[in-house]
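As structure tokens, the structure follows; a few thoughts come after it.
The values are calculated or read from the model by the stated rules, or taken from the named source; none is laboratory data. Note that the structure is predicted; figures quoted are calculated from it, not measured. Ideal geometry is used to build each Cβ from the backbone, glycine not excepted, and the neighbour counts take in all protein chains shown. The protein model used for the area step is the full one, side chains on, heavy atoms only, and it has no ligands, DNA or RNA in it. Shrake-Rupley method; radii C 1.70, N 1.55, O 1.52, S 1.80 Å.
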Amino acid sequence: TLTTLDGQSYRLADLKGQVVVINFWASWCGPCRVEAPELQRVWDAYKDKGVMFLGVAYTDTERGAKAFITEYSQTYPNGLDLGTKISDLYNIQGVPETFIINQKGEVVEFIMQQVSETQLSGILDRVLTTGA
């Protein structure tokens, strides 16, 4: 369960039927700053097409995370990974890392680096069409 900085809770099981993008990031991460505007543009393009984004702030402070979200005008749900519980479940090695989960709740893509708008859009188009 991810509790967002505005107090909402999201469970992956409750998002079945949608494609889910889980992006692990941190305000202190340089590549995360580069990908942040691209992630927001993809969210804007796909949020009404059955795609959900969840941002997970890894080993960050609430103050740092909120400042990052404001700086990059992020409108998709973001929350802190308190005690690294979520990142431990995904066995992340660092940030940024992005997981794409299909409509059945299966991880179909893993990106262990900064993601681009073009790359992510291509993956989402494929998963929305084929589920894989």
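What the table below lists for this structure:
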| quantity | calculated |
| --- | --- |
| Å² of accessible area per residue within region 26-132, as computed with a 1.4 Å probe and no ligands counted | 50 |
| Listed peptides 97-107, 122-132 by packing density, highest first (mean Cβ within 10 Å) | 97-107, 122-132 |
| Leading residue at positive end of dipole, region 45-132 (Cβ point charges), from 45, 67, 112 | 45 |
| Which of 44, 88, 60 is most accessible, then next, and so on - probe 1.4 Å | 88, 44, 60 |
| Protein accessible area in region 20-132, 1.4 Å probe - carbon and sulfur % | 53 |
| Mean separation of Cα contacts under 8 Å, 6 or more apart, over the residue count of region 17-106: relative contact order % | 47 |
| Set of aspartates and glutamates near residue 66 by C-alpha distance (under 20 Å), chain-local residues within fewer than 8 positions excluded | 6, 35, 38, 44, 81, 97 |
| Within straight-line cross-link reach of residue 16, lysines at Cα separation under 23 Å, skipping those fewer than 8 residues along the same chain | 47, 49, 85, 104 |
| Semi-axis lengths (Å, descending) of the ellipsoid that matches the C-alpha gyration tensor of the chain | 21, 16, 14 |
